[in-house]
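The values are calculated or read from the model by the stated rules, or taken from the named source; none is laboratory data. Small disclaimer: the values here were computed from a predicted structure and weren't measured. Don't worry about glycine lacking a Cβ; one is built from the backbone with ideal geometry, like all the others, and counts go over all protein chains shown. Surface areas here come from the heavy atoms of the whole protein model, side chains and all, with no ligands, DNA or RNA. Shrake-Rupley method; radii C 1.70, N 1.55, O 1.52, S 1.80 Å.
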Amino acid sequence: MQKISMREALNQALREEMRRDMRIFIAGEDVGEYQGSFKVTQGLLEEFGQQRVLDTPISEQVIAGLGVGSAMAGLRPCIEFMTVNFMMLAMDQLVNHASKWRYMSGNILPVPAVFRAPGGGGQQLGAQHSQSLETWFVHAPGLFVMMPSTPYDAKGLLKTALRMEDPVIFLEHEGLYSLEGEVPEEEYLLPVGVGDIKRPGADVTIVSYSRMLHVSLEAARKLEGQGVDCEVIDLRCLKPMDTELVLKSVVKTGRLVCVEECWRTCGVMAEVAAQIQEFGMDYLDAPIRRVSGREVPMPYNKELEQACIPSAEQVIEAVNLTLGRKAAD
């Protein structure tokens with residue numbers, strides 16, 4: 001089994017699917033000659049040419065509109081935004097068009113398009129380029145939302161997304177592109193809306209996604225030394241969301257800690273907590289705890305930026321609280 005970075009895993013997924021399906025093309029700012037801001041599209045222009053790897057003007061609404069229109073016409077676009085922060089300029093196309101045309105046309109005009117974008121904080125890119133906006137897209141009916149945390153998941157989910165008949169928002173954390181992991185050399189796909197238990201445990205359930213999955217695993221490793229056995233779940237898909245997997249875990253552990261990088265108010269984990277409270281209250285032995293990013297514009301200063309992003313220590317504190325102990329024994 002090969003060990004590659006998430007950047008390479010995404011590149012493999014694009015390359016393999018473009019070879020398989022001639023209808024797939026890539027469009028976005030600097031995806032061709034420059035090979036992508038994070039080099040995910042490296043080498044694709046050379047192999048597939050300018051008709052299938054398109055460098056676009058600097059206009060996110062136009063880029064998204066290209067994706068929606070070409071998908072309705074029978075192609076399968078993979079649109080890359082330079083950053084999720086710029087997707088705000090394309091919300092009309094994404095929320096009013098991509099997500100609704102299949103429904104409004106009576107299933108005559110599906111929109112089989114994938115809209116990729118990097119995001120998240122921790123790279124010292126300032127308040128306007130460091131946001132986690134996944135909740136915006138989760139809120140819109142008709143959009144599927146995927147956020148992988150490992151190279152294995154990234155490749156399998158992207159290949160699945162490129163074969164779907166519905167629009168997919170595929171978000172990648174900027175801090176994970178260099179993360180390496182084992183990826184099969186043979187073809188595989190991952191199912192939509194199915195989470196994954198990254199670490200089995202019995203004492204408390206920690207649920208997360210994207211880069212916060214690795215923060216949660218770090219916390220679980222440290223808690224193991226304190227005699228706490230954490231089960232860590234990766235949602236992988238935020239819509240549809242595998243809350244059934246979380247509920248089954250909570251039935252076993254009786255406790256739940258939800259970890260996310262996005263803002264706390266109306267965040268993804270607010271929905272997880274609400275569903276577990278609604279359908280699993282009888283199994284909870286303690287209140288649900290949430291660990292989220294601070295609700296401030298992201299500072300540029302490195303130390304202040306890190307203070308705004310959830311840490312393993314904060315997750316450990318939340319676990320200790322739900323276990324009824326204020327500090328480690």
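Scanning the stretch 276-306 for residues that are of a type in the set (S, T, N, Q) and open to solvent by 100 Å² or more (accessible area, probe 1.4 Å) yields a total of 0.
Taken over the stretch 206-219, the criterion of being touching a residue at least 40 places away in the same chain (Cβ under 8 Å) and assigned to a helix (DSSP H, G or I) is satisfied by 211, 212, 213, 214, 215, 216, 218, 219. Taken over the stretch 242-279, the criterion of being more than 28 Å from residue 127 (Cβ to Cβ) and touching a residue at least 60 places away in the same chain (Cβ under 8 Å) is satisfied by 255, 256. In the stretch 165-189, which residues are within 17 Å of residue 145 (Cα to Cα), over 13 Å from the mean Cα position of the chain (by Cα) and surrounded by 16 or more Cβ atoms within 10 Å (Cβ to Cβ)? Listed by number, the residues that qualify are 166, 167.
The residue of the stretch 255-268 that is most open to solvent (accessible area, probe 1.4 Å), among those that are of a type in the set (D, E, K, R) and part of a loop (DSSP other than H, G, I, E, B), is 264.
Okay, residues lined up against (1) open to solvent by 20 Å² or more (accessible area, probe 1.4 Å); (2) of a type in the set (Asp, Glu); (3) under 23 Å from residue 189 (Cβ atoms); (4) at pLDDT 95 or above:
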residue: 89; (1), (2), (3), (4): yes, no, no, yes
residue: 95; (1), (2), (3), (4): yes, no, no, yes
residue: 102; (1), (2), (3), (4): yes, no, yes, yes
residue: 111; (1), (2), (3), (4): no, no, yes, yes
residue: 116; (1), (2), (3), (4): no, no, yes, yes
residue: 126; (1), (2), (3), (4): no, no, no, no
residue: 134; (1), (2), (3), (4): no, yes, yes, yes
residue: 146; (1), (2), (3), (4): no, no, yes, yes
residue: 153; (1), (2), (3), (4): no, yes, yes, yes
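For the stretch 232-254, taking the residues that are surrounded by fewer than 24 Cβ atoms within 10 Å (Cβ to Cβ) and in a loop (DSSP other than H, G, I, E, B), the one that is farthest from the chain's Cα centre (by Cα) is identified as 254. May I ask you to verify whether residue 208 is under 23 Å from the mean Cα position of the chain (by Cα), farther than 18 Å from residue 150 by Cβ and of a type in the set (Ser, Thr, Tyr)? Spelling it out, it is not the case that residue 208 is under 23 Å from the mean Cα position of the chain (by Cα), farther than 18 Å from residue 150 by Cβ and of a type in the set (Ser, Thr, Tyr).
Within the stretch 15-40, being of a type in the set (A, V, I, L, M), open to solvent by less than 40 Å² (accessible area, probe 1.4 Å) and part of a loop (DSSP other than H, G, I, E, B) holds for 31, 40. Quick check: anything in the stretch 43-52 outside any strand (DSSP E or B), on the phi > 0 side of the Ramachandran plot, at pLDDT 95 or above and open to solvent by less than 40 Å² (accessible area, probe 1.4 Å)? Yes - at least one qualifying residue is present in the stretch 43-52.
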